[in-house]
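The next block holds one structure in the form of structure tokens; read it before the comments.
All of the numbers you see were taken from the coordinates with simple rules; none came from a lab. Keep in mind that what you see is a predicted model, and the values were worked out from it rather than measured. We place every Cβ from the backbone using ideal geometry, glycine too, and count neighbours over all the protein chains shown.
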Amino acid sequence: MLLARIFDLYSLVILAAVILSWVRLPPDNPIVRVVSALTEPLLAPIRRILPDLGGIDISPMVLLVALRILRGLLVG
């Protein structure tokens, strides 16, 4: 189903954002800009809600779990 594929593809984009945060490419890199533009609109509000964990960002994990739950509810 198309909707399931969209959820899966977006999950891969989130994973790419996590990997890029480890690699630390320059922010003006085209890949970094595209991935950031696709993920930050959903990750930023989650970061504001979550408590500070001393430099550990678990917002991608929270978003991935939320996407998996939403995918299960919508796709079945």
- Task: Quote the relative contact order of the chain in percent (integer), defining contacts as alpha-carbon pairs under 8 Å separated by 6+ residues.
- Result: 41 percent
- How long is the gain from Leu3 to Ile56 if the chain were fully straight, where each residue apart is worth 0.36 nm and the alpha carbon distance is subtracted? 16.0 nm
- So what's the back-of-envelope 222 nm ellipticity for the chain, counting only DSSP H runs of four-plus at -39500 (n - 2.57) apiece and dividing by all residues, rounded to 500? -26500 deg cm²/dmol
- Query: Taking the Cα centre of segment 16-60 as origin and charging only Cβ (+1 Lys, Arg; -1 Asp, Glu), how large is the dipole, in debye to the nearest 20?
  - Reply: 40 debye
- Item | Whole-Å semi-axes of the ellipsoid equivalent to the chain (Cα gyration tensor, √5λ, descending) | 22, 17, 9
